[in-house]
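Comments concern the structure below.
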Amino acid sequence: MRTDRVDEARRMFVATLQATSEEGDESSLPIVLAHLADLECWAGKWQLAERYGADSLDAAEQVEHRAWRTMAVYAQGLVDAHLGRVAAARARAREGMAWAVSANDAWSLMFLHSVLGFAELSAGDLARAETCLSAAANLSERIGLAEPAAWRFHATSRP
């Protein structure tokens, strides 16, 4: 997915979703669905991305998995931002950030900052976009992510 091999990634995620469903692995459903939402968003398949995002959140709420819930909110916020629903993207990102901060989940927080940064960029607020994208970049360094081309956010500078 991160190397833009969309069709191959889609086949793998759909196979994983099918196996997860067949095995009754409800706790894995939210993250697999969030990855599918993320993938379809970047592929420009907005309705499919939106459906996977909603299904991811439903699954996360059913299994009460807080970390997967933040990724489901990330996926939904990403779709909202790409569809120009800036207020919804902001709200989802902030909701997810609150959960991620309380769980000390830097990984999810990184993704949520990237969504908020994209929403702010879409709204034309360059200063806020830079702040959010820099926060995402700083978190990626803290986590130890070494390949910047694999992630879909970049700041112009780091504080």
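Values quoted throughout were computed directly from the atomic coordinates according to the rules given, and no laboratory measurement underlies them. A quick note: this is a predicted structure, and the numbers were derived from the prediction, not measured. Ideal geometry is used to build each Cβ from the backbone, glycine not excepted, and the neighbour counts take in all protein chains shown.
Between residue 45 and residue 94, how high is the FRET efficiency from 1/(1 + (r/R0)^6) when r is the Cβ-Cβ distance and R₀ = 22 Å? Nearest 0.05.
Here the calculated transfer efficiency is 0.25.
Give the relative contact order (percent, whole number) for the chain; include only Cα pairs under 8 Å separated by 6+ residues. Kindly include the intermediate steps, with their values, before the conclusion.
Values: 233 pairs, mean separation 24.3, N = 159.
This gives 15 percent for the chain.
Between residue 22 and residue 7, what is the spin-label point distance in nm, taking each point 7 Å from the Cα along the Cα→C-beta axis?
Between residue 22 and residue 7, the simple spin-label model gives 2.3 nm.
For the range 1-103, what class follows from the C-alpha gyration tensor (a ≥ b ≥ c being the square roots of its eigenvalues): rounded when a/c is under 1.5, otherwise prolate if a/b is larger than b/c, else oblate?
oblate
Could you compute the net charge surrounding residue 80? Neighbours are other residues with a C-beta less than 10 Å from the C-beta of residue 80; K and R count +1, D and E count -1.
Neighbour charge sum, excluding residue 80 itself: +2.
Nearest 10 degrees, 0 to 90: what angle lies between the long axis of helix 6-23 and the longest principal axis of the chain (Cα atoms)?
Around 50 degrees separate the two axes.
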